[in-house]
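The structure under discussion appears below in the form of structure tokens.
The values are calculated or read from the model by the stated rules, or taken from the named source; none is laboratory data. In this text, all values refer to a predicted model and were calculated from it rather than measured experimentally. Virtual Cβ from ideal backbone geometry, glycine too; neighbours counted across all protein chains shown. Areas reflect the complete protein model, heavy atoms only, side chains present, ligands, DNA and RNA absent. Shrake-Rupley method; radii C 1.70, N 1.55, O 1.52, S 1.80 Å.
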Amino acid sequence: GGVGALAGVMWLAMPVAAHGDDPFAVEERVTDRVDALGDRRDEVEDAIDRLFEDHRLDLYVVYVDNFSGMSREDWANETAGRSQLGINDALLAVATGERAYQLSIDGDYPLTDEQLEEIETVAIEPPLRENDWAGGAIGAATGLAATLSGQQVQTPEIIPGAEDPSADGDFPWAPVILVGAGA
């Protein structure tokens, strides 16, 4: 089936770096090309494992510097396609340098756009706003699990991190939220 793209958040940021991270086939549940997770990779993997054990939904998380000039929806959908993700798979793509993300899940998966929007606004966006890259992924996993269990989506504990782990220096980011609706 096709992968349905959902709303994501973007922050106004510095211009995109000259190099891009083209869509690619993910080979493991966590791909961190910018060292966004640091020493918190195990926490992310544990949350993803619990989601799979409890609900048989496989969450793949990808951290890159930028989406190569593509829209976040197109980048996530092409990456999901190249990765042969199916109906029981979800993809959280985070571009730390662009300060954008996309949660992508098959349009036939039994979650409504409203449920996915709640997961994004309550569990994914608050940590990402604070540069808690691991927290964004943990929030995605725990938010999906809560929704699938009929429970309230919670904001994960937020541990602020580096604004742009892939940058050579500090940039003066201005967090302005633009929410867009996907198909």
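At-a-glance table
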read-out: Every pair of residues 6+ apart whose Cβ atoms lie under 9 Å, when the first sits in the stretch 45-56 and is part of a helix (DSSP H, G or I) while the second is exposed (fewer than 13 other Cβ atoms within 10 Å of the Cβ); value: D54/S149; H55/S149
read-out: Test: Y109 is farther than 19 Å from D32 by Cα and of a type in the set (F, W, Y); value: yes
read-out: Selection within the stretch 97-111 - surrounded by fewer than 17 Cβ atoms within 10 Å (Cβ to Cβ) and in contact (Cβ under 8 Å) with a residue 12 or more places away in the chain; value: G107, D108
read-out: Residue match in the stretch 112-131 (condition: open to solvent by less than 10 Å² (accessible area, probe 1.4 Å), out of contact with any Gly (no Cβ under 6 Å at 6 or more places or on another chain) and part of a loop (DSSP other than H, G, I, E, B)); value: no
read-out: Filter result for the condition that a residue is in contact with an Asp or Glu (Cβ under 8 Å, 6 or more places away or on another chain), in contact (Cβ under 8 Å) with a residue 40 or more places away in the chain and open to solvent by less than 10 Å² (accessible area, probe 1.4 Å), over V94, V30, V34; value: V30
read-out: Some residue of the stretch 67-86 being at pLDDT 95 or above, open to solvent by 10 Å² or more (accessible area, probe 1.4 Å) and either under 19 Å from A134 (Cβ atoms) or part of a strand (DSSP E or B) (or both); value: no
